[in-house]
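Read the structure below first, then the notes.
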Amino acid sequence: IERTLSIIKPNAVVKHNIGAIIQRLEAANFKIVATKMIKLNQEQAEGFYAEHKGKPFFDALIDFMLSAPVVVLVLESESAITAYREIMGATNPVDAARGTLRADYGEAHVTFNGVHGSDSPESAAREIAYFFSDNEVN
Ligand code: ATP
Ligand code: MG
């Protein structure tokens, strides 16, 4: 059993797709261990995406993540990290397979791709601890 961090990004929140996305997660047999809605501040967004600091898309990514609230979720399942990345689809919604979350809830631009998912066990541990205290996830 494994855990991963999911974020429903601002564009999906603004378009009233929180419920649809959570329904898809539960239908795909992820257990929702914890969730909260947060309006990120600059420091929180930059810290979360620290590995991308200095890249050409960084400022646009941060502006986007600050543009409206996000919903963060801790998902649990067998091989949750890869299982969730599969239903999420490719980073750029233009390349995402039919029926994936990014194909259905992302815009046709890589910055506005609707959802985030941890990419490794190390990222998942860091990202879960970034948003949730121990007593919220244990
Ligand atoms: P994946 O791990 O599937 O690539 P990710 O969300 O982890 O998805 P990252 O490469 O970590 O993707 O990039 C973080 C976020 O930055 C992306 O989800 C996307 O919103 C944005 N992003 C990534 N690459 C670009 C790019 N070339 N131009 C604009 N925005 C980008
Ligand atoms: Mg990544």
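What follows draws every value from the coordinates through simple rules; no lab data is involved. Please read these numbers as outputs of a predicted model, since none were measured by experiment. Cβ sites come from the backbone with ideal geometry, for glycine too, and all protein chains shown count toward neighbours.
List of remarks:
- Annotation for segment 82-90: at least one member residue is basic (Lys, Arg) and within 19 Å of Ile22 (Cα to Cα).
- Some residue of segment 57-77 being in contact with a strand residue (DSSP E or B) (Cβ under 8 Å, 6 or more places away or on another chain), over 21 Å from Ile18 (Cβ atoms) and within 16 Å of ligand 2 (Cβ to nearest atom): no
- Residue in segment 85-92 that is of a type in the set (A, V, I, L, M), more than 13 Å from ligand 2 (Cβ to nearest atom) and within 17 Å of Ile1 (Cβ to Cβ) present: no
- Extreme residue, farthest from ligand 2 (Cβ to nearest atom), among residues of segment 97-125 that are in contact with a strand residue (DSSP E or B) (Cβ under 9 Å, 6 or more places away or on another chain) and assigned to a helix (DSSP H, G or I): Tyr105
- From Thr4, Thr35, residue being in contact (Cβ under 8 Å) with a residue 40 or more places away in the chain, under 26 Å from Asn138 (Cβ atoms) and polar (S, T, N, Q): Thr4
- For Arg102: the one exception among (1) among the basic types (Lys, Arg); (2) over 20 Å from Val13 (Cβ atoms); (3) free of Cβ contacts under 8 Å to residues at least 24 places away in the same chain: (2)
- Among the strands (runs of 3 or more DSSP E) confined to segment 1-96, the ones with at least 3 residues that are buried (at least 18 other Cβ atoms within 10 Å of the Cβ) and within 15 Å of ligand 1 (Cβ to nearest atom) are located at 2-8, 70-77.
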